[in-house]
Amino acid sequence: MCGIVGYVGSKQAYPLLINGLRRLEYRGYDSAGVAILGTDGLIVSKCKGRVSDLEAHVNGTPMAGTVGIGHTRWATHGEPNDVNAHPHVSTNGDLALIHNGIIENYAPLKEELISRGYKFSSETDTEVLVHLIDDIRRNEGTDLAESVRLALENVVGAYAIVVVDRNTPGTLVAARKSSPLVIGIGEGGDLFLASDATPIVEHTRNVVYMEDGEIAILDREQGLRVRNIKNQEKRPSIQALEIQLEALEKGGFEHFMLKEIYEQPRSIRDSMRGRLNLAQGSIVLGGIKDYEQRIVNAKRILIVGCGTSWHAGMVGEYLFEEFARIPVEVEYASEFRYRNPVINEDDIVIAISQSGETADTLAAIELAKGRGATILGICNVVGSSIARQTHAGSYTHAGPEIGVASTKAFTAQVTLLTLMALMVGQRKGTIDGARYRQLLLELEAIPAKVEKVLKTEAQVKYIGDIYKEARNALYLGRGYSFPVALEGALKLKEISYIHAEGYPAAEMKHGPIALIDEEMPVIVIATHGASYEKVVSNIQEVKARKGKVIAIVTEGDTTVKEIADHSIEIPASPDAFVPLLAVVPLQLLSYHMAVMRGCNVDQPRNLAKSVTVE
Ligand code: M6R
């Protein structure tokens, strides 16, 4: 939700900021803007649309300067237009400010500032910040950093902000609470700042992850200084970045989403690397080792997440219940936090998040932590807020996921949950030894099987072409395949804008069957396993109503093939591992249907990759 970049140093800021904004565009693409401080003063350029629209807008305007800030917006308050775009500027033109988050008490602050003569030009919550800081600076005579600190004492909400002041050249002041900010320390006094490390990695590998309540002063002469909200100096902790630059490029694929779908054999392998040891028949999850016994003793596991991460959590529920015999509840983080849930001190809460920044998931963690539960994280982004706020956790190691639609993050999350459930099951003795070893062998074989599934792409594309004009689609699955049906439906609706619903196959006859006619594609996961015969009956029910069935079947299947309109084969696998294979053709189907409909698959309308607002 909004991407922020900043730079102070000896190089020209504008090209650095534009490159940085391109990397952060996945966070929001309603508008973009920059403010550059240079010999021509403080120049601000901003407009509705994407970073490429900003470049066209800037075209010709001199943008010389070695200090600057940039923003790409996902609108919360105020429609996406030029005026609501960031940066926002103080009335006297001294300050420019960018913001990611929501200022919850902006209305009373705005009223107060208006009563004192400030004029607002935008409908955003952000604009109050720039006037408030300006007001304090002029009335209190404080420097920029102190004015920011005092202003933030009055603010309720979430923010990552960066301010530039034409009276303080060579300096940027940044602050964070609940929205992420990373500072890069480059050569020769160069300092970078961004919502995540992706704009920084090509300049330096030395980074400081800002903590909540911190204010950072990035100064060309004096380097980086960090203070807390009480004005006490803090020593910044410098860490080394591990992301590879190539991971941020499309690598010859037309879209990030397709690249990320194809990366899954590698990303699933990486999420098992060093953790699954076939020779020793062991699973070691270093990040949660100290909490292993607590998980083994747990009477209950709560899993929280949003969107795709919630779907992965549902697969986790089936896995923990089957292998570790621990009751599991899977909760939408947003519902969990507002429902006064019963949380016990011996509960284990697993928070799942690709970005590690999802506001609702963070709030759910805070709530459960406050009630004494043990919180484990499954995150993809290293150093993210969720990774830091949990007691312990395991990274998925899927590599940067840039496409807004989550693909490889899902399979990596499910892989980790599988490892956890098997590990706990083995420790508890709830899986028989021979079965455990067989399952480890099967799990190890999954990446090669995913490679095989990817070979169905041409067939999937052909099927997508037939149904690309569909207005609705239904996804059905049972057991482990029910969360896959939900995930397939989410993928289709978010990138192709075709209305899609996922259902447990047996629930179809309790309502959704009324929707079925000869226009309706029904995508059914009908692989060999515990509920195969039941799903075959559900397919018959669809066919009896002239629905069109696209079935995901096990290699060699003949029964479903005879009744379905189309069938896509995936290799045989234990039920528990089917989600890792069955989801792949569904990802490809959504991708191709969306591309054929002319949709922007990497940046679908109204969405953002990282949802840092509630
Ligand atoms: O970063 P997170 O995993 O916490 O994000 C959760 C959801 O916002 C995310 O999965 C979203 O649903 C994706 N667009 C799904 O493709």
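The values are calculated or read from the model by the stated rules, or taken from the named source; none is laboratory data. Remember, it's a predicted structure, so these values are computed and weren't measured experimentally. Methodologically, a virtual Cβ is constructed for each residue, glycine included, from the backbone with ideal geometry; neighbour enumeration extends over all protein chains shown.
Observations, loosely collected:
- Filter result for the condition that a residue is surrounded by 20 or more Cβ atoms within 10 Å (Cβ to Cβ), closer than 25 Å to residue 202 by Cα and within 22 Å of the chain's Cα centre (by Cα), over 69, 4: 4
- Candidates 531, 537, 481: the one that is of a type in the set (Ser, Thr, Tyr), away from the ligand (no atom under 16 Å from the Cβ) and in contact (Cβ under 8 Å) with a residue 60 or more places away in the chain is 481.
- Filtered residue count, the range 19-34, keeping only those that are farther than 13 Å from residue 68 by Cα, of a type in the set (A, V, I, L, M) and part of a helix (DSSP H, G or I): 1
- Residue match in the range 572-585 (condition: within 30 Å of residue 3 (Cβ to Cβ) and touching a helix residue (DSSP H, G or I) at 6+ places or on another chain (Cβ under 6 Å)): yes
- Whichever residue in the range 605-614 is of a type in the set (Val, Ile, Thr) and either within 10 Å of the ligand (Cβ to nearest atom) or not in a loop (DSSP other than H, G, I, E, B) (or both) and, among such residues, is farthest from residue 408 (Cα to Cα): 612
- Screening residue 388 on (1) modelled with pLDDT under 95; (2) within 12 Å of the ligand (Cβ to nearest atom); (3) basic (Lys, Arg) shows it passes everything except condition (2).
- Failed item in (1) in a loop (DSSP other than H, G, I, E, B); (2) touching a Pro at 6+ places or on another chain (Cβ under 6 Å); (3) not aromatic (Phe, Trp, Tyr), with residue 98 passing the rest: (1)
- The single condition among (1) more than 31 Å from the chain's Cα centre (by Cα); (2) over 25 Å from residue 22 (Cα atoms); (3) not polar (S, T, N, Q) that residue 62 does not satisfy is (2).
- Residue check, residue 507 modelled with pLDDT of 95 or more and among the charged types (D, E, K, R): no
- Qualifying residue in the range 399-410 (condition: away from the ligand (no atom under 13 Å from the Cβ) and surrounded by fewer than 24 Cβ atoms within 10 Å (Cβ to Cβ)): yes
- When the range 352-381 is filtered for residues that are part of a loop (DSSP other than H, G, I, E, B), within 15 Å of the ligand (Cβ to nearest atom) and over 21 Å from residue 398 (Cα atoms), nothing remains.
- Selected residue [of a type outside the set (Lys, Arg), in a helix (DSSP H, G or I) and farther than 20 Å from residue 102 by Cβ] from 37, 16: 16
- The residues of the range 72-117 that are over 23 Å from residue 1 (Cα atoms), of a type in the set (S, T, N, Q) and surrounded by 15 or more Cβ atoms within 10 Å (Cβ to Cβ), listed by number, are 90, 91.
- If you go through the range 592-604 and keep only what is closer than 26 Å to residue 2 by Cβ, away from the ligand (no atom under 12 Å from the Cβ) and not hydrophobic (A, V, I, L, M, F, W, C), you end up with just 600.
- Residue 318, sole failed condition from (1) outside any helix (DSSP H, G or I); (2) closer than 16 Å to residue 415 by Cβ; (3) not basic (Lys, Arg): (1)
- Residue list for the range 162-197, filter: of a type in the set (Gly, Ala, Ser) and not in a loop (DSSP other than H, G, I, E, B): 174, 175, 178, 184, 188, 189, 194
- Residue satisfying all of: in the range 306-326; among the small types (Gly, Ala, Ser) and within 16 Å of the ligand (Cβ to nearest atom); surrounded by the fewest Cβ atoms within 10 Å (Cβ to Cβ) among these: 307
- In the range 282-305, the residues that are within 16 Å of the ligand (Cβ to nearest atom) and modelled with pLDDT of 95 or more form Cβ pairs under 6 Å with partners that are part of a helix (DSSP H, G or I) and aromatic (Phe, Trp, Tyr), at six or more places apart or across chains, as follows: 304/336.
- Qualifying residue in the range 132-145 (condition: touching a Leu at 6+ places or on another chain (Cβ under 7 Å), in the same structural domain as residue 209 (by TED's automatic domain parsing), crowded, with 21+ Cβ neighbours inside 10 Å and not in a helix (DSSP H, G or I)): no
- Residue in the range 410-427 that is assigned by TED's automatic domain parsing to the domain that holds residue 316, touching an Asp or Glu at 6+ places or on another chain (Cβ under 7 Å) and polar (S, T, N, Q) present: no
- One residue from 345, 335 being assigned by TED's automatic domain parsing to the domain that holds residue 366, part of a loop (DSSP other than H, G, I, E, B) and either out of contact with any helix residue (DSSP H, G or I) (no Cβ under 8 Å at 6 or more places or on another chain) or within 16 Å of the ligand (Cβ to nearest atom) (or both): 345
- Verdict on residue 56 being of a type in the set (A, V, I, L, M, F, W, C), surrounded by fewer than 18 Cβ atoms within 10 Å (Cβ to Cβ) and in the same structural domain as residue 160 (by TED's automatic domain parsing): yes
- With respect to the stated conditions, residue 71 fails to be under 22 Å from residue 176 (Cβ atoms) and assigned to a loop (DSSP other than H, G, I, E, B).
- Selection within the range 397-450 - of a type outside the set (A, V, I, L, M) and touching a strand residue (DSSP E or B) at 6+ places or on another chain (Cβ under 6 Å): 413
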